[in-house]
Amino acid sequence: MVPDVAEALAEFRRFNYDTIYHRPASRAQAASVVDMLRALIDHYVENPWLLPSHVDSEFAAGSQTAANEAVTYVGGMTDRFACEQAVRLVGYPLDKLPQGIDTLLRAES
């Protein structure tokens with residue numbers, strides 16, 4: 001990459017990180033996503049019979065296998081489905097859900 005273009009790209013990246021990715025609202029949103037996903041994964045680890053993979057193989061609640069399966073399952077969920085599952089299964093509060101994700105649950109409440 002020629003120096004002028006490389007410098008412009010570096011400045012663009014700095015701008016994005018400073019004004020988008022690292023701003024307080026973005027960090028708060030990221031924290032709300034992490035909190036919700038942790039609650040959902042913890043629920044599946046303690047209730048592995050709710051996991052689709054539990055049908056094919058038995059694994060104990062709280063086991064490393066349950067944790068691996070829970071992370072894999074939740075990691076493959078769409079944002080909307082993860083939010084809906086967190087509310088329905090865990091009782092996750094609607095006001096703690098990540099903002100901007102339109103779920104049917106918000107419309108119902």
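The values are calculated or read from the model by the stated rules, or taken from the named source; none is laboratory data. Since the model is a prediction, treat every value here as computed from it, not as a measurement. Cβ placement follows ideal geometry from the backbone for every residue including glycine, while neighbour counts extend to all protein chains displayed. The accessibility values were calculated without ligands, DNA or RNA, using every heavy atom of the protein model including side chains. Shrake-Rupley method; radii C 1.70, N 1.55, O 1.52, S 1.80 Å.
Couple of notes before you dig in:
- Two-site label geometry, Ser26 and Thr65: point separation in nm, points 7 Å out along Cα→Cβ: 4.2
- Placing +1 on the Cβ of every Lys and Arg and -1 on the Cβ of every Asp and Glu, with no other charges, gives the range 19-92 a dipole of roughly 440 debye about its Cα centre.
- Per-residue ³J(HN,Hα) for the range 29-37, Karplus 6.51 cos²θ - 1.76 cosθ + 1.60, θ = phi - 60°, Hz, x for Gly and Pro: 4, 4, 5, 5, 5, 4, 4, 5, 5
- Portion, in percent, of the accessible area of the chain that falls on carbon or sulfur, probe 1.4 Å: 57
- In this simple spin-label approximation, Leu89 and Leu50 carry label points 7 Å from Cα along the Cα→Cβ vector, and these lie 0.5 nm apart.
- GluC sites (Glu not before Pro) within the range 35-86, DSSP loop, no more than 13 other Cβ atoms inside 10 Å: Glu58
- Calculated translational diffusion coefficient of the chain (37 °C, 0.692 mPa s; Stokes-Einstein with Kirkwood radius over alpha-carbon pairs) equals 203 µm²/s.
- Near Ala60: Cβ cut-off under 13 Å, other residues only, Lys/Arg at +1 and Asp/Glu at -1. The net charge is -3.
- Surface analysis of the chain yields an accessible area of 67 Å² per residue, using protein heavy atoms and a 1.4 Å probe.
- Distance between modelled label sites at Asp35 and Glu7, nm, 7 Å Cα→Cβ extension: 4.4
- Net charge of the neighbourhood of Pro48, taken over other residues with C-beta under 9 Å away and scored Lys/Arg +1, Asp/Glu -1, is -3.
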